[in-house]
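Data block below; observations after.
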Amino acid sequence: MGEMEEGDMDHITADVQQAQKCTLVCESSQGTPNDKDNSPLTGAVFKNPVCKVYKFQTVDCKWMLVREQMEECTLSFSIPRQLLHLYIQEDMRRIQELRDLGELSPHWDNLRKEVIGRYGQVIAAYQETLAELNKITGPSFKPSCSKAQRYLEFIPINLHTQRMRVMCPRQTDAFYDVITVGAPAAHFQGFKGGGLQRLLSRHEAEKKSFSTAYQCIYYSPEHTAKAQEVLHSVGHLQPLISGLADQLLQAAQQHSMAGLREALKTLAGKTEQFVHALKDELVKSALLALHAAQPGYVTKNQNQTLPGHQGHSHQDHPSPSQRGQQGQSPPQNPGHSPGQPSATDSPVVVCNNVDGGSQTAPIREDGQTPLKRQDSIPCHKEYDEEEWDRVWADVAKSLNCVIAMVDKLQEQEPINNNQEQPIPKQVLADVITSHNPEGDWREQLCPLVVRLKECVAEVVVRARRAMTFVLLQEAACSIPQGLFLKQRRDVVFSQALAALACGFVMRLYAGMEDKGFLRQLHLVGLVAQFESLLSTYSEEIGMLEDMEVGISDLHRVAFKITQAKTDDPCDLQPVVIGRRDHYTVEVPLPRLAFQTLPHEIKEGKALQVYPVLFNVGINEQQTIADRFGDISLQERINQRNFEILDSYYKSLSDKVPSECLPCFQTQTDLKDLLGTLGQNVVTKKRKNVEILWLAGTICRRLNGIRFTSCKSAKDRTSMSVTLEQCALLRDEHQLNKDYFTRALDCMRSRLTQGEVVCQWDSDPEAACSVAENKPASRHFYPIALLLVSSHLLVVWLILSLVFLLAKYQ
């Protein structure tokens, strides 16, 4: 069918009686051999295509061919495998960083041992899961009947791609893509306590009380994220600075002033970035707290304000397993000065909190310094704070010495190039005490460059230990619930990222020849719209809470296009790199395809994706929730994600001309569509599917990626996808109104000419139920009748209760 010319469409022969029942023209499980959709590019990621071709009549009595093609995606398994490998590596690095903290007091050492033990359990579980996933062969998707299997919990449910290609006379072929996937959720772990959104909120509130009771300093999620960011920054920038310093010496050895200046400019930029990353109060405060956690630590106020009282260290604190057996006080704060009064005429200490503020706390008679709430970091004045300032400042001073030496070397050269832009000189009294003007440039620069490297290395060691101590306290305050939640979040994120990567690759392949799309891709990024049909009732509330966090976490993901080594399918598989707070998915393209991309993309620019989630429950459980339950979760999700979508549109309007966006027959302005959507998300209306229609339409107008999901990506998802496809045929391709219902029934049909036809987004057990002539509905009562009137629901509930009471009496 893909090879047919426009003139041949009027001569298609088909059985008349069969066409009256269903306009299915042909069906294939291998796709169309010469179709451009089945190029080697798509064959590397998508496999096992199933194709249907229909013939429908338009309003002008012409005929259109509609081709549906569903495929599995190899990323269903490859992305989770890569993530598991990265999870294991990251946790193993964290264990090593905890061990590198050195000797700690017994209290903190016990905490460290327990945290390391917990990390070890997580690593062992992930390694076992990864080993089992590596054994799996066969289909590239997980059916819904396997959603509760432990070894498959990282795999998305029923991840498939579906493309509808429309071929009309005297019109260019049109493509409409959608990815169907089960809701990203931790099905194996269950939803008795709710989903991630509720569990994380509850856990964050509990951590504050735990930190007070267990002598841990409370760090907010923002501070924890900052600590992880600092760890990543120093780990990333140190080798860059070292490499640039070597390039500087190489240019000096070659007596290349231009090369020297270029290397120095880059080195100065990276060093400045390095210094700026460490210019944070959190680093200094964490160093003070780490100093207090070392064995033999004695506070100054214990020796001065309490004569005769022996300063004690953290020697007898219980391990986390002994928590609750005895109360523990926080670390003493030696910031008290003798004679300094407080509001209660008792000695006080000043504590700097993580935001740079201060507070005071009285010292008890036993020398302890209990804080009313441990959400601040103790400040110990006797600790030499200037030591960190000196180490930190030495990096900038060393760089200035290097700059001054390069300026000195330039002065020795004959002035033969007045076009160079010299770097401003730094006035240093002791920059260069002595050097040989006639000596080699490398010999003169080498000691200064070595000193710069040493200063950077010393700062890295201190900053890494300080930030690791922050993460140790965060983990200690949250054992064991915190690590369980981290595992749950890993599971949900793995499913969500596999779906997003699948959608991005599909959208990229489809837009390789669209210059406007590629311009939008690198200037702004793409919107990824997830349409959810979950109800806000029973366990599906937990699924929706999981999905909300999983989709939100996708904001930490960027994409990068690379050139594949070869055109082999193995070399065209996307690769995931990074860590939990930021991942990059590298999508390799064949050399010829890569060369057609814009310069910015070929240079490796990070491509952003803006995920948004809109949910409207549509099943009978949502009827119960609307009448008797709580739908505030759904309302909050829709309102929050509308703001993200609206912000994306404003950014797109500022940077990309409207000509880059696709054209549609319906000429409704995007701004008007967004305004209508904004009104709908705040309107109190039951089962307001208009939200989904508008969000889907806006996404297609914005060149976005469309996802549709429910619990298992089967019944509700198939109803939504087929209805959307028929609506597109009606609105964009003038489908005859008499054919709308027929087309909808045909796309939803499972049986054709007595044979089993697998539903597009179903799984094997659904097809088996059809083969055994079982009814499609799984409900004992005709639930569909309940949708006619909400009063029938009440009658049905009463009759069911009476029936059950009579049965068991």
**Close pairs from the stretch 681-697: first on the phi > 0 side of the Ramachandran plot, partner part of a helix (DSSP H, G or I), Cβ under 9 Å, at least 6 apart** = LYS687/GLN622; LYS687/THR623; LYS687/ASP626
**Item:** Matching residues in the stretch 542-584 - criterion: being over 24 Å from LEU485 (Cβ atoms), within 18 Å of the chain's Cα centre (by Cα) and open to solvent by 10 Å² or more (accessible area, probe 1.4 Å)
**Value:** LYS560, VAL575, ILE577, THR584
**Message:** Against the condition among the basic types (Lys, Arg) and modelled with pLDDT under 90, how does LYS62 come out, does it pass?
**Reply:** yes
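Keeping to the stretch 246-274, report how many residues are among the basic types (Lys, Arg) and touching a helix residue (DSSP H, G or I) at 6+ places or on another chain (Cβ under 8 Å).
The first filter runs over the stretch 246-274 and keeps only residues among the basic types (Lys, Arg), leaving 261, 265, 270.
Then drop every residue that is not touching a helix residue (DSSP H, G or I) at 6+ places or on another chain (Cβ under 8 Å), which leaves 261, 270.
Total satisfying the criteria: 2.
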**Residue that is among the acidic types (Asp, Glu) and more than 30 Å from the chain's Cα centre (by Cα), where the choices are GLU90, GLU103** = GLU103
**Request:** Output the number of residues of the stretch 612-648 satisfying the condition of being surrounded by 19 or more Cβ atoms within 10 Å (Cβ to Cβ) and among the hydroxyl-bearing types (Ser, Thr, Tyr).
**Result:** 2
**Item:** Odd one out for TYR218, checked against (1) of a type outside the set (Asp, Glu); (2) at pLDDT below 90; (3) in a helix (DSSP H, G or I)
**Value:** (3)
**Complete:** Within the stretch 663-706, the residues that are open to solvent by 50 Å² or more (accessible area, probe 1.4 Å) and in a helix (DSSP H, G or I) are LYS671, ASP672, THR676, GLN679, GLU690, TRP693, THR697
**Item:** Lone unmet requirement of (1) without any contact (Cβ under 8 Å) to a residue 40 or more places away in the chain; (2) crowded, with 17+ Cβ neighbours inside 10 Å; (3) under 29 Å from the mean Cα position of the chain (by Cα) for CYS726
**Value:** (3)
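What do you reckon, is PRO106 closer than 30 Å to VAL66 by Cα, surrounded by fewer than 20 Cβ atoms within 10 Å (Cβ to Cβ), at pLDDT below 95 and in contact with a Ser or Thr (Cβ under 9 Å, 6 or more places away or on another chain)? First the steps, then the outcome.
Details: closer than 30 Å to VAL66 by Cα: no; surrounded by fewer than 20 Cβ atoms within 10 Å (Cβ to Cβ): yes; at pLDDT below 95: yes; in contact with a Ser or Thr (Cβ under 9 Å, 6 or more places away or on another chain): yes.
The answer is no for PRO106.
Are any residues in the stretch 94-103 loosely packed, with under 14 Cβ neighbours inside 10 Å and without any contact (Cβ under 8 Å) to a residue 40 or more places away in the chain, and if so, which ones?
GLN96, ARG99
Among the candidates ARG442, ARG451, which residue alone is modelled with pLDDT of 90 or more, open to solvent by 10 Å² or more (accessible area, probe 1.4 Å), assigned to a helix (DSSP H, G or I) and basic (Lys, Arg)? Talk me through it step by step, then tell me what you get.
On the way: ARG442 fails: modelled with pLDDT of 90 or more.
The conditions single out ARG451.
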**Asked** Among (1) farther than 19 Å from VAL181 by Cα; (2) touching a strand residue (DSSP E or B) at 6+ places or on another chain (Cβ under 8 Å), which single condition is ARG627 missing?
**Response** (2)
**Item:** The lone exception for THR172 - which of (1) closer than 30 Å to TRP63 by Cα; (2) among the hydroxyl-bearing types (Ser, Thr, Tyr); (3) modelled with pLDDT of 90 or more; (4) open to solvent by 60 Å² or more (accessible area, probe 1.4 Å) it fails
**Value:** (3)
**Top-ranked residue in the stretch 194-214 [being modelled with pLDDT under 90 and open to solvent by less than 30 Å² (accessible area, probe 1.4 Å); ranked as farthest from CYS73 (Cα to Cα)]** = SER211
**Prompt:** Given the conditions (1) at pLDDT 80 or above; (2) farther than 26 Å from ASP100 by Cβ; (3) touching a helix residue (DSSP H, G or I) at 6+ places or on another chain (Cβ under 7 Å); (4) open to solvent by less than 60 Å² (accessible area, probe 1.4 Å), and given that MET506 satisfies all but one, which numbered condition is not satisfied?
**Reply:** (3)
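The values are calculated or read from the model by the stated rules, or taken from the named source; none is laboratory data. Quick caveat: nothing in here was measured; it's all calculated off a predicted structure. Every residue, glycine among them, receives a Cβ derived from its backbone with ideal geometry; neighbour counts consider all protein chains shown. Keep in mind that these areas ignore ligands, DNA and RNA; they rest on the heavy atoms of the full protein, side chains included. Shrake-Rupley method; radii C 1.70, N 1.55, O 1.52, S 1.80 Å.
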